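Peer 1: Next up is a structure, given as structure tokens.
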Amino acid sequence: MEKKEQIYEGKAKKVFGTENPELFIVSYKDDATAFNGIKKGTIVGKGVINNRMSNLLMQHLEKAGVPTHYVEELNDRETVVKKVDIVPLEVIIRNIAAGSFSKNYGVEEGVVFENPTIEFSYKNDDLGDPLINDYHAIALKLATPEEIETIKKYSFIVNDQMKAFWKECGVTLVDFKLEFGKLSDGTIVLADEISPDTCRLWDSETGEKLDKDRFRRDLGNVEDAYEEVMKRLTDHI
Ligand code: ADP
Ligand code: UDP
């Protein structure tokens, strides 16, 4: 399978067409951004790690009954995926207070919830990805009520699966962001990526941050953290 025209260049990935109108190739970059693109940098080797990790996790999720866009890993940085119409919602699941939850609601980082929370942001860079609820999403015609129910159902399965998976790797899954898309027949599938860019992952023993917060907060050893969390995953499977 070969790349054809570039369809899109995002902050972390490029998307290419292929000879098959139903398939895209995504190419993972080392570019890192935070705070809606205001902070920019490079995390050397990140693209390779995120590509591999996302593909391994999506294959695991498929087995657990969550349909995904994953088709085939081509090389270190490139993967064939099913082309979808992205549902312009960022779905965020949280198990532990951190990041914007701590800031918005005045809760200390690290407070463990009895049950996971779910929230939606409207995926729109110009508006700064504002927080919205189900009713807003429906009013804005971002998704139908049925699609939102499917997205919620899959998101909680992803959380259960990923929490258990990472626990076995000695890593605590704090929170994460998912994106879903629609295939040409309307089927909802998990798309985009699952990686240390999109999840908060803490060492279960020490609480050390092994994710993009090291970049966001200038904590240092960013590359080491990505490599460490990838090593934990590959040692486990
Ligand atoms: P951003 O757009 O936020 O800068 P990326 O750099 O990760 O993000 O770009 C990848 C883009 O590709 C995202 O906009 C994402 O929604 C989109 N995307 C992810 N998976 C698919 C897919 N299977 N089909 C079509 N678009 C996808
Ligand atoms: N997240 C993401 N992309 C975004 C916003 C958030 O991948 O555009 C992830 C982030 O890595 C974290 C979770 O979603 O794992 C919750 O992020 P939060 O709302 O706390 O935002 P932030 O702290 O980044 O402002």
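Bear in mind these aren't lab numbers, they're just calculated from the coordinates by the rules spelled out. All values derive from a computational prediction rather than experimental measurement. Cβ sites come from the backbone with ideal geometry, for glycine too, and all protein chains shown count toward neighbours.
Peer 1: How big is Rg to Rh over the stretch 81-185, alpha-carbon atoms, Rh as the Kirkwood inverse-mean-distance radius? Spell out each step's value before the answer.
Peer 2: Values: Rg = 14.7 Å, Rh = 14.9 Å.
On the Cα set of the stretch 81-185, Rg over Rh gives 0.99.
Peer 1: Let me have the 222 nm mean residue ellipticity of the chain computed from DSSP H runs of 4+ only, each contributing -39500 (n - 2.57), with the sum over all residues rounded to the nearest 500.
Peer 2: Using -39500 (n - 2.57) per qualifying helix, the result is -10000 deg cm²/dmol.
Peer 1: Out of the stretch 137-237, which GluC sites (Glu not before Pro) are coil in DSSP terms and have no more than 12 other C-beta atoms within 10 Å? Please report the intermediate quantities before stating the final value.
Peer 2: Numbers: sites: 146, 147, 149, 168, 179, 193, 205, 208, 223, 227, 228; in loops: 193, 205, 208.
Here the GluC sites (Glu not before Pro) that fit, given the DSSP loop and packing criteria, are 205.
Peer 1: Enumerate the amide H contacts of residue 211 below 5 Å, restricted to partners 5 or more residues apart or on another chain; note that Pro and chain-start residues carry no placed amide H.
Peer 2: Those lying under 5 Å, H to H, from residue 211 are 201.
Peer 1: Identify the chymotrypsin sites (Phe, Trp or Tyr not before Pro) of the stretch 19-48 meeting these criteria: DSSP loop state and at most 15 other C-beta atoms within 10 Å of the C-beta. Don't skip to the answer; put the middle values down first.
Peer 2: Working: sites: 24, 28, 35; in loops: 35.
The qualifying sites are 35.
Peer 1: Work out how far the C-alpha atoms of the chain reach from end to end along every principal axis, then list the three figures in whole Å, largest first.
Peer 2: Extents along the principal axes, in whole Å: 48, 41, 37.
Peer 1: Label the stretch 124-237 by shape, choosing from rounded, prolate and oblate, from the square roots a ≥ b ≥ c of the eigenvalues of the Cα gyration tensor; if a/c is under 1.5 it is rounded, and otherwise prolate applies when a/b is larger than b/c, oblate when it is not.
Peer 2: Prolate is the answer for the stretch 124-237, as a/c is 1.5 or above and a/b outweighs b/c.
Peer 1: Loop-only check: which GluC sites (Glu not before Pro) in the stretch 36-143 are DSSP coil with at most 13 other Cβ within 10 angstrom?
Peer 2: 108
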